[in-house]
Amino acid sequence: MRHDFYLAWQYLRHYRWRSLTLLVCVSLIGILPLLLNEVLTQGERLMLQRAKTTPWLIGARGSTADTTLAALYFRDTAPPVAYGEINRVEQSGWATALPIHARYRIHQIPLLGITADYFDFRHLVPALGDLPGFIGDCVLGARAARRLGLGVGDKLVSTPDNFFDLAGLVPLKLHITGVLAATDTVDDEAVYVDLKTVWIMEGLGHGHDSATTRAAPTGSAFTTPETDPASAGAADAVEITPDNLDAFHFHGDMERYPVTAIIVAPHDDRAATLLGGRYVDENLPVRLIQPVEVIRHLMHNIFRISTLFNLVLAGASGAALLALMLVFALSLQLRQGELDTIELLGCDHLTVVRLVMAEILLILLLAAGLGSIFLAYIRHESGILAPVLLDAL
Amino acid sequence: MNPEFSLRYCSMHFESTPAPPITPMLRTVFTLLLVLSNLTTVAADNLQPRLTVVASHYPLAYFAGRIAADHADVHLPMPGGIDPANWRPGSSGIRMLQRADLLLLNGAGYETWLAQTSLSRARQVDTSSGFSDRLIRIEQAITHSHGGSGQHTHTGTAHTTWLDFSQARQQAHAVAAALGRKRPELKSRFEEHLQALDSDLARLDQNLEALSLQYQTLPLMASHPVYQYLARRYRLDLVSVHWEPDEMPPGSEWDALARTLKQHPARLMIWESQPRPEITRRLTQLGVASVVFDPCANRPDQGDFLSVMQRNLQNLKQARESISAVLQK
Amino acid sequence: MVEVKQLIFQYPDSTYQLGIDYFCIKPGEKLALIGASGSGKTTLLKLIAGILSPEAGMVTVAGTSPESLDAAERRNFRISRIGFIFQELQLLDYLTVLDNILHPYRINRSLQLDRAVRGRAMELARQTGLADKLGQKPGRLSQGEKQRVAVCRALLPMPRLVIADEATSHLDPASKLRILDLLFLAVERFSASLLVVTHDHELLPYFDRVVDLSELTSRHET
């Protein structure tokens, strides 16, 4: 048996490209359904895990999925709710409320407006530098820092053309005060600023000196600046510095300022029930969303689609397997002379079969090994699955 | 705690109690459980790190220090000698604020830097939120202009809330409640300490209330508009100017004062700190005496919040007596 | 060593029949078998090696008739007693020279591949001038080198009879002699007999005996 494998191994090594092609084919046939299953299972686990750590959301009436995807995974946009909703929750004393503004992207990376409590809530700590201290400061998620190639002390310009939404945004030169430690969640792939910084970008807050209003060349500084996205670049960007910091202020009722959603964490079950009761009224402009339910529903739909996909994949795998068998059969035909030789040398039919089987077994073993390594890598780097799945959504 | 001692103590305690008949085995188990629960309580107490409390002005720091006692490190982020109302956090200040387990705020617009900083909302305690409906709005307080868009007016809120000692008591209660939420296991201890502080503040309130009776018919001037709540609570007839104790006001200000005095014949001006002697002299010439009522917004050089307030009361009392003597003459 | 009596063999679907009344090889004898193309030389070699079975008559090798053995025994007998050097050499492209030499030991359980066998393989390689080619694959060898590898492979199990089917064709005269020397040396060392099919009349004087197959056979159409 040892010799059979030795000879098979030598054969595979000698025809390495052919063997490698076979190996990859077999691996793929085996791994694709597993990978799909893995992506879905892990993705579901990760998405549910995050949803479970986010007991409730307050979002605008409309699509609960949009609000959940926007507030939890920074995908999609959702109609805004008023910041003042946070007071309704906080004054009840039943829950902690965290606003999240997740409407924009900066260099294709989600830009999140949050309060410092978000870092506590998601257990985000700076690996380098500090959390944002002032308006105009930002901190980068681990993967965002890698993608941007920026670090502590660098500046990140939010020119309007970088944004998801082009209209009416003040370009701001953000100071990077820190880079967060990796958490292997979507939190790694965002840029975080104080909520007030996003409002300044939206023109709801502003400074008074000329330097701070450069981005708003038309009309009064008190109207929402109308910038020209095409010409607004880094040079026009407003920079908040210690010198002009005090000049920045906000007008109007801050409670009516927009946020994407408010994360609500009830202190206990009783508080949850009481608070839930307050949002039963369907005439309210907002509603209480349970992300777990939303994600379960989404995943249920995805799994239904995946069943169909699995069927197609099974068909394709079957066809590929038949093709592989054909390849083996042809290869045996090509090797007939060689097989005759070893028979002439004194080897029985069974040994020939054994040699061929050893080859097939080796290919299968190696393919299984290759597939396992790939799957293990996917499992280990499970953090990347949720974004993959989310992007697919 | 020495576990041996504790064990013996508990056993003795157990034996001395007229207990129902329990087997020695059960007794040992109970004893061990008692010791364990005792040990874990002690351990939990010791394991909990001291709270880091940062207050935005001295009175709140004083309240927190009295209530939390040994269970918290209370910090004031600003240096001594400056008015915390004018303080802005720099990079080190912001780190101190960010590291706080509890950030005690006066509210009422006192912390203007909140709009420019990025801080935890959950750790902030607005100590004046309990009486937010009774805050005094200052109409057209600050007016400024910029660009070509003309003048722009901000409305403001009077923020020296603690000079109404009934409000100071509410703020102290808010501090105690916040500390209790952070350390529920110490709540009763905080309550005890609060009672002592509250009775001190109540006494101040009563004393000032009593003293204010003597001021009922007396028009007063204030060197700075920081005594709105003091005036409202203790029914003082107070008009403010914007004078600094270490700066001789210009002639126009003296003229304005003279005009005000015709409408409002005040015989006493209340100062945040001792004014320069030439200011005092010139005021005396106008028949206006000077008295210091230190709001004590920052840490005093000597004494504490209570002693400063007692001295303020003493100052008012003496000033009233002097005025009475002058009037009698 | 080899004795063939009253042998009749016919391939299925063929009209030609090979018939030999008597043929023998003595122990230690070096015999050259000649004959016209298609006269049945290779068929006779395969009959002697037990690869083919006669329709009638008897073949004995070292006192054993392959016919009396079952298939497995016959294979074991062939691989251990008879060293066969094929006309087409039949080396395996994917094995190194050493592995090609050791190949019979890897495909037949009756042969044990141990240290002694490996030592012997190296020694054979050294003797045939292949010592520095052991790690190379046949694709990179000259025809003469390949032939030597086939010889080593046939000699490694120390056979009692070495059969070479046109083992020296396509070689230059020096190489032919070198191969022949090697074969002679080996059969002398193992006291084996040598049966060489050749068309090369220059080599015939080196053999103990030369047999023309046409003189042996009563080959005719049926």
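The values are calculated or read from the model by the stated rules, or taken from the named source; none is laboratory data. For clarity, every value in this text was computed on a predicted model and none was experimentally measured. We place every Cβ from the backbone using ideal geometry, glycine too, and count neighbours over all the protein chains shown.
Mind checking whether some residue in segment B:290-303 is within 27 Å of B:W254 (Cα to Cα) and among the aromatic types (F, W, Y)? Yes, segment B:290-303 has at least one match.
Checking the conditions here, which among A:Y11, A:Y73 is within 14 Å of another protein chain (Cβ to nearest Cβ) and surrounded by 20 or more Cβ atoms within 10 Å (Cβ to Cβ)? If you could, list the steps in order and put the result at the bottom.
Working: A:Y73 fails: within 14 Å of another protein chain (Cβ to nearest Cβ).
Going through A:Y11, A:Y73 in turn, just one is within 14 Å of another protein chain (Cβ to nearest Cβ) and surrounded by 20 or more Cβ atoms within 10 Å (Cβ to Cβ): A:Y11.
Exactly one residue out of B:A141, B:A196, B:A158 is at pLDDT 95 or above and among the small types (G, A, S): that is B:A196.
Would you kindly identify the strands (runs of 3 or more DSSP E) lying entirely within segment C:142-222 that contain at least 3 residues that are within 23 Å of A:T341 (Cα to Cα), touching a strand residue (DSSP E or B) at 6+ places or on another chain (Cβ under 8 Å) and in contact (Cβ under 8 Å) with a residue 12 or more places away in the chain? Please lay out each step first, then the result.
Numbers: elements: C:161-165, C:193-197, C:209-212.
Result: C:161-165, C:193-197.
If you filter segment A:272-292 down to residues that are in contact with a helix residue (DSSP H, G or I) (Cβ under 8 Å, 6 or more places away or on another chain) and part of a helix (DSSP H, G or I), you find that the one that is surrounded by the fewest Cβ atoms within 10 Å (Cβ to Cβ) is A:R278.
The set of residues in segment A:318-355 that are more than 14 Å from chain C (Cβ to nearest Cβ), exposed (fewer than 12 other Cβ atoms within 10 Å of the Cβ) and closer than 30 Å to C:D70 by Cβ contains only A:Q333. Looking only at segment B:270-309, how many residues end up being of a type in the set (A, V, I, L, M) and part of a strand (DSSP E or B)? Counting residues in segment B:270-309 that are of a type in the set (A, V, I, L, M) and part of a strand (DSSP E or B) gives 4.
In this structure, is B:D133 within 21 Å of B:W162 (Cα to Cα), within 14 Å of another protein chain (Cβ to nearest Cβ) and surrounded by 18 or more Cβ atoms within 10 Å (Cβ to Cβ)? Spelling it out, it is not the case that B:D133 is within 21 Å of B:W162 (Cα to Cα), within 14 Å of another protein chain (Cβ to nearest Cβ) and surrounded by 18 or more Cβ atoms within 10 Å (Cβ to Cβ). Can you find even one residue in segment C:70-92 that is within 14 Å of another protein chain (Cβ to nearest Cβ), among the aliphatic types (A, V, I, L, M), out of contact with any Phe, Trp or Tyr (no Cβ under 7 Å at 6 or more places or on another chain) and over 30 Å from C:L141 (Cβ atoms)? Within segment C:70-92, one or more residues are within 14 Å of another protein chain (Cβ to nearest Cβ), among the aliphatic types (A, V, I, L, M), out of contact with any Phe, Trp or Tyr (no Cβ under 7 Å at 6 or more places or on another chain) and over 30 Å from C:L141 (Cβ atoms).
Okay, residues lined up against (1) at pLDDT below 95; (2) on the phi > 0 side of the Ramachandran plot; (3) not aliphatic (A, V, I, L, M):
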residue	(1), (2), (3)
B:V54	no, no, no
B:P59	no, no, yes
B:Y62	no, no, yes
B:A68	no, no, no
B:D73	no, no, yes
B:L76	no, no, no
B:A85	yes, no, no
B:G90	yes, no, yes
B:I94	yes, no, no
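Before we move on, is B:R66 among the basic types (K, R), out of contact with any Cys (no Cβ under 6 Å at 6 or more places or on another chain), buried (at least 16 other Cβ atoms within 10 Å of the Cβ) and part of a loop (DSSP other than H, G, I, E, B)? No, not satisfied. The residue that is farthest from C:G139 (Cα to Cα), counting only those in segment C:111-126 that are of a type in the set (G, A, S) and within 19 Å of the chain's Cα centre (by Cα), is C:A121. Of all residues in segment C:108-135, exactly one satisfies the criterion of being at pLDDT below 85 and outside any loop (DSSP other than H, G, I, E, B), namely C:Q127. The residues in segment A:107-134 that are in contact with a strand residue (DSSP E or B) (Cβ under 7 Å, 6 or more places away or on another chain), over 21 Å from A:D154 (Cβ atoms) and either more than 7 Å from every other protein chain (Cβ to nearest Cβ) or assigned to a strand (DSSP E or B) (or both) can be counted, and the count is 2. Which of the residues spanning segment C:1-45 are of a type in the set (S, T, N, Q), touching a Phe, Trp or Tyr at 6+ places or on another chain (Cβ under 8 Å) and part of a helix (DSSP H, G or I)? Within segment C:1-45, just C:T43 meets the criteria.
In segment B:300-312, the residues that are aromatic (F, W, Y) reach residues that are in a helix (DSSP H, G or I) with C-beta atoms within less than 7 angstrom, at least six apart or across chains, in these pairs: B:F305/B:Y58; B:F305/B:P59; B:F305/B:Y62.
Exactly one residue among C:V97, C:V117 is in contact with a Lys or Arg (Cβ under 7 Å, 6 or more places away or on another chain) and more than 8 Å from chain A (Cβ to nearest Cβ), and that residue is C:V97. The listed residues are A:A60, A:A116, A:A102, A:A82, and the only one of them that is more than 19 Å from A:M201 (Cα to Cα), aliphatic (A, V, I, L, M) and out of contact with any Cys (no Cβ under 9 Å at 6 or more places or on another chain) turns out to be A:A60.
Screening B:G107, B:G130 for residues that are on the phi > 0 side of the Ramachandran plot, at pLDDT 90 or above and not aliphatic (A, V, I, L, M) leaves exactly one candidate, B:G107.
To keep it simple, each residue is scored yes or no on (1) part of a strand (DSSP E or B); (2) at pLDDT below 90; (3) in contact with a His (Cβ under 7 Å, 6 or more places away or on another chain).
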site: A:R13; (1), (2), (3): no, no, no
site: A:S19; (1), (2), (3): no, yes, no
site: A:L22; (1), (2), (3): no, yes, no
site: A:L28; (1), (2), (3): no, yes, no
site: A:I31; (1), (2), (3): no, yes, no
site: A:L35; (1), (2), (3): no, yes, no
site: A:E38; (1), (2), (3): no, yes, no
site: A:L57; (1), (2), (3): yes, no, no
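Here is a yes/no grid of residues against (1) modelled with pLDDT of 85 or more; (2) among the basic types (K, R); (3) in a loop (DSSP other than H, G, I, E, B):
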site	(1), (2), (3)
C:L47	yes, no, no
C:S53	yes, no, yes
C:G57	yes, no, no
C:F77	no, no, no
C:S80	no, no, no
C:F84	yes, no, no
C:Q90	no, no, yes
C:D99	yes, no, no
C:H103	yes, no, no
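Rundown of residues vs (1) under 24 Å from C:Y22 (Cα atoms); (2) away from chain A (no Cβ under 14 Å); (3) surrounded by fewer than 12 Cβ atoms within 10 Å (Cβ to Cβ), yes/no style:
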position: C:L113; (1), (2), (3): no, no, no
position: C:K137; (1), (2), (3): no, no, no
position: C:E188; (1), (2), (3): no, yes, no
position: C:L203; (1), (2), (3): no, yes, no
position: C:Y206; (1), (2), (3): yes, yes, no
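Filtering segment B:173-217 to residues that are without any contact (Cβ under 8 Å) to a residue 24 or more places away in the chain and within 24 Å of B:S322 (Cβ to Cβ) leaves B:Q206, B:A210, B:L213, B:Q216, B:T217.
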